[in-house]
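Only one structure is covered here, and it is reproduced in the block below.
The values are calculated or read from the model by the stated rules, or taken from the named source; none is laboratory data. Not measured: the values here are computed from a predicted model. Cβ sites come from the backbone with ideal geometry, for glycine too, and all protein chains shown count toward neighbours. These area figures cover heavy atoms from the full protein model, side chains too; ligands, DNA and RNA do not enter into them. Shrake-Rupley method; radii C 1.70, N 1.55, O 1.52, S 1.80 Å.
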Amino acid sequence: MKMKYYLKRCGNQELGSMRNGVPQRGRYLLTSMKTLDFFPPLSKSQLNDSALLPIIPLYSGNKVYCSYVYYNDKFHGSTATHPRNEYRIYLNKQIENNRYLFETDDIVIIRTEIITHNDEKQTVFFLDLVQDKQSALYRELNAMINSSSIGGAYAVYEGVISEFEQKVNTLKTKPEVPVVIDHTIMERIEKTDENAIAGLFNSASFRDFVMVGYEGLCAITGTVIRYENYSNLEAAHIKPKSHGGLFLPNNGMALSRDMHWAFDKGFITLNAHYNVVVHPKTTSEWLLSFDKKPIAIPKDPFFRPAFENIEYHSKNVYGLFLTSGRL
């Protein structure tokens, strides 16, 4: 079965113009205008629109997230001498294994695939790095790039890259792909316009970020039931999605399925001190045992529930079970 691969030869300037082992600027990969169908669509009308790419580097086996940015000030009245119209995938410590892994003339291979976790589908980007310039694979890929009609340092190949697929198949034998979030991603998100932030996340990335923030445990019970790629944890919206709640990490908590149900139906809520508040009409002794107990607060403030979301839940969801229980 043929696959479709994106090939990219790394450039010196993209990788920060290294000097004495230190980059002089940010490190990123440019993407060609002729290969945009490989990546999420970004808008020309929104200044410097961006997305989060869920990437699984085959050399680490983790799922990481990288910022994908369309610098388009050329179309927004820029007075710069050379206004930008380019797409970048920003590198970070997690994709580079906590060092400057990518080097000039290395070749990056990327292909997409839809994977399922906890019955939820997500398009991920499998990525590998070919660094041995004497290897047959490097010479073959480099020849593809040099002869590509795309030009520059890019190529698209349809076929099967056996070495790449062997690594993918090995990875798929593992019970779970760990998710690792780099701090530079969180810093970039925090500097982004609030309206633009909302478009960065979908249900799958929301779940990944929430689970990392709560370290894979229920925020209330502190437990999890796990088997291979399945667990009883869910990423719960604090301000419900049906009420306009966003897929932002500060609008989420990791909750076991029964706690998620109780939270959504208003049997429980939180107060401003992150303590559980159980509704006095609740008859469940199990739920009542958590009344006034603190939730597990994420260590990084980026993941902590926003107070406006908690307040919304306590005013608009808490106690709904007394009427219809419908959100």
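Please tell me if Val210 is within 23 Å of Asn92 (Cα to Cα), assigned to a loop (DSSP other than H, G, I, E, B) and touching a Gly at 6+ places or on another chain (Cβ under 8 Å). Criteria not met by Val210.
Let's see how each residue does on (1) part of a strand (DSSP E or B); (2) among the aromatic types (Phe, Trp, Tyr); (3) open to solvent by 20 Å² or more (accessible area, probe 1.4 Å):
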| position | (1), (2), (3) |
| --- | --- |
| Ala80 | no, no, yes |
| Ile95 | no, no, no |
| Arg99 | no, no, yes |
| Phe102 | no, yes, no |
| Ile109 | yes, no, no |
| Phe125 | yes, yes, no |
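Against the criterion of being closer than 24 Å to Lys63 by Cβ, at pLDDT below 95 and not hydrophobic (A, V, I, L, M, F, W, C), Asp106 does not qualify. Restricting Ile238, Ile197 to those that are of a type in the set (A, V, I, L, M, F, W, C) and farther than 20 Å from Ile268 by Cβ reduces the list to Ile197. Among the residues making up the range 2-20, those that are of a type outside the set (A, V, I, L, M) and either open to solvent by less than 50 Å² (accessible area, probe 1.4 Å) or free of Cβ contacts under 8 Å to residues at least 12 places away in the same chain (or both) are Tyr5, Tyr6, Lys8, Arg9, Cys10, Gly11, Gln13, Glu14, Gly16, Ser17, Arg19, Asn20.
Being under 16 Å from Ala296 (Cβ atoms), at pLDDT 95 or above and either not in a helix (DSSP H, G or I) or not acidic (Asp, Glu) (or both): is that true of Ala254 here? When the stated conditions are applied, Ala254 passes them. Is it true that Asp264 is in contact (Cβ under 8 Å) with a residue 60 or more places away in the chain and either closer than 15 Å to Asn309 by Cβ or not aromatic (Phe, Trp, Tyr) (or both)? Answer is yes for this residue. Looking at the range 208-228, which of its residues are closer than 22 Å to Leu246 by Cβ and open to solvent by 30 Å² or more (accessible area, probe 1.4 Å)? Answer for the range 208-228, where residues must be closer than 22 Å to Leu246 by Cβ and open to solvent by 30 Å² or more (accessible area, probe 1.4 Å): just Val212. Quickly run through the range 23-69 and pick out the residues that are among the aromatic types (Phe, Trp, Tyr) and either open to solvent by less than 10 Å² (accessible area, probe 1.4 Å) or more than 22 Å from Ala198 (Cβ to Cβ) (or both). Residues satisfying the conditions are Tyr28, Phe38, Tyr59, Tyr65, Tyr68. Across the range 168-205, the qualifying residues are those that are acidic (Asp, Glu) and at pLDDT 80 or above, and the one among them that is nearest to Thr123 (Cα to Cα) is Glu176.
Residues in the range 233-245 that are open to solvent by less than 40 Å² (accessible area, probe 1.4 Å) and in a loop (DSSP other than H, G, I, E, B) were compared, and the one that is nearest to Pro294 (Cα to Cα) is Ile238.
State whether one or more residues within the range 305-312 are among the hydrophobic types (A, V, I, L, M, F, W, C), in a helix (DSSP H, G or I) and either closer than 21 Å to Arg207 by Cα or touching a Cys at 6+ places or on another chain (Cβ under 9 Å) (or both). The answer is yes; a qualifying residue exists.
The numbered conditions (1) in a strand (DSSP E or B); (2) of a type outside the set (A, V, I, L, M, F, W, C); (3) touching a residue at least 60 places away in the same chain (Cβ under 8 Å) are all true for Gly61 except (1).
Any idea which residue in the range 286-327 is surrounded by the fewest Cβ atoms within 10 Å (Cβ to Cβ), counting only those that are modelled with pLDDT of 95 or more and among the acidic types (Asp, Glu)? Ranking the candidates gives Glu308 first.
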